[in-house]
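Have a look at the structure below before the remarks.
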Amino acid sequence: MNRKNKVKWGLTMLASLLFWAVSIWIAVEENTWKAWAWFAFFTLVLLLAFVNFARVVIGSQSVVFTDENLVIIGFWGKKTPIPWNRIEDFGTWQTRYQNQIKVFTRDTEKEIKEMPTAFRRFLARVDYDFTGAIYFILEDMSGMNMEELLEKCNQELKKHQKGNNVR
């Protein structure tokens, strides 16, 4: 993970702790239901900030290159294997806060239809319509910068496509 994101999440955690501390102080001093409601709200904010801080800083998300698949491992440990013979190409997608590698697959429409839930199909459809891809590798997942990660992805794709005589 790059230093900029660590600093950003560290400051978010610090601000959340500060608001939580102030809310508990006000709740104890005033002892009204409104004060305790604000304390409950900021406790929830602190919990969410901690979960996101741990996810980003500890880096529980990752990407693994195997002989059969490109495996994207999400925050909750959910593995999304993408067989090499279904991958067409890689591209970059940059937002203000994060760099990503787009994974372009063959027959994306079929993959969207095979998604297990309506919500996931909806999100995949929006991603596909907006970016042209339904799978993304976050720069922070790999410990590499964007250029190195894209180069690694393309090398692995070429290696596995030569072995499978795809394309």
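The values are calculated or read from the model by the stated rules, or taken from the named source; none is laboratory data. Computed from a predicted structure; not experimentally measured. Quick reminder, even Gly has a Cβ in these numbers, built from the backbone with ideal geometry, and neighbours come from all protein chains shown.
Descriptive notes on the structure:
- Among residues of segment 77-134 being exposed (fewer than 15 other Cβ atoms within 10 Å of the Cβ), in contact (Cβ under 8 Å) with a residue 24 or more places away in the chain and β-branched (V, I, T), the one that is nearest to D67 (Cα to Cα) is T80.
- Among the residues of segment 118-150, those that are modelled with pLDDT of 90 or more and not hydrophobic (A, V, I, L, M, F, W, C) comprise R121, R125, Y128, D129.
- All of A37, A49 fail the test of being at pLDDT 90 or above and either on the phi < 0 side of the Ramachandran plot or part of a loop (DSSP other than H, G, I, E, B) (or both), apart from A37.
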